[in-house]
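Visitor: The structure that follows is given in the form of structure tokens.
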Amino acid sequence: MLICLDAEMQLSDVDVVPGDFAGCLVPFQDAVLAGLDPQDTRYFAIAHPGSFGEAYGYPDPILDEARELESKAAGQGMQLIGHFAIDETGYMSARARSYFDQYPRHADLPRTMFHWSHSKHGRCG
């Protein structure tokens, strides 16, 4: 899954990248990059089935693959801000899991607490 946000961190698109995920991001990198619209996307996140072994003290190649994707996207002016793995027990995040305002190393990002409350997608019908 690909979640796209604009320069003000407003949700701009959510898309499912086609294909069967088998624990490796490499086959999906080109499709993810193609799904990033430079006019409407400044930040993005990815989500996929599974979990991260690194969270349990084991290295996980998928995290290296995500860093490679991050580098390629940065070359196109877009920043990977979220990487989630989801399985039957819940989800794991390899990035900030909450408001970026609470993470000092993300001081360059827009203030999400302010923007979330003003999001056109954050309203209940």
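The values are calculated or read from the model by the stated rules, or taken from the named source; none is laboratory data. Bear in mind the structure is a predicted one, so any value in this text is a computation, not a measurement. Note: ideal-geometry Cβ built from the backbone for every residue, glycine included; neighbour counts use all protein chains shown. Ligands, DNA and RNA are stripped out before the accessible areas are found, and what is left, the full protein with its side chains, is counted by its heavy atoms. Shrake-Rupley method; radii C 1.70, N 1.55, O 1.52, S 1.80 Å.
Visitor: Take the range 17-46 and flag every residue that is within 15 Å of Ala85 (Cα to Cα) and of a type in the set (D, E, K, R).
Guide: Passing the criteria: only Asp20.
Visitor: Moving on. In this structure, does Leu69 turn out to be among the aliphatic types (A, V, I, L, M), within 21 Å of Glu88 (Cβ to Cβ) and either modelled with pLDDT of 90 or more or open to solvent by 50 Å² or more (accessible area, probe 1.4 Å) (or both)?
Guide: For Leu69, the condition - among the aliphatic types (A, V, I, L, M), within 21 Å of Glu88 (Cβ to Cβ) and either modelled with pLDDT of 90 or more or open to solvent by 50 Å² or more (accessible area, probe 1.4 Å) (or both) - is not met.
Visitor: Test Phe44 against the stated conditions and say whether it is within 26 Å of Glu88 (Cβ to Cβ), of a type in the set (Phe, Trp, Tyr) and free of Cβ contacts under 8 Å to residues at least 40 places away in the same chain.
Guide: For Phe44, the condition - within 26 Å of Glu88 (Cβ to Cβ), of a type in the set (Phe, Trp, Tyr) and free of Cβ contacts under 8 Å to residues at least 40 places away in the same chain - is not met.
Visitor: Let me ask something else about it. Mind listing whichever residues of the range 80-109 are modelled with pLDDT of 65 or more and farther than 20 Å from Phe52 by Cβ?
Guide: Result: Asp108, Leu109.
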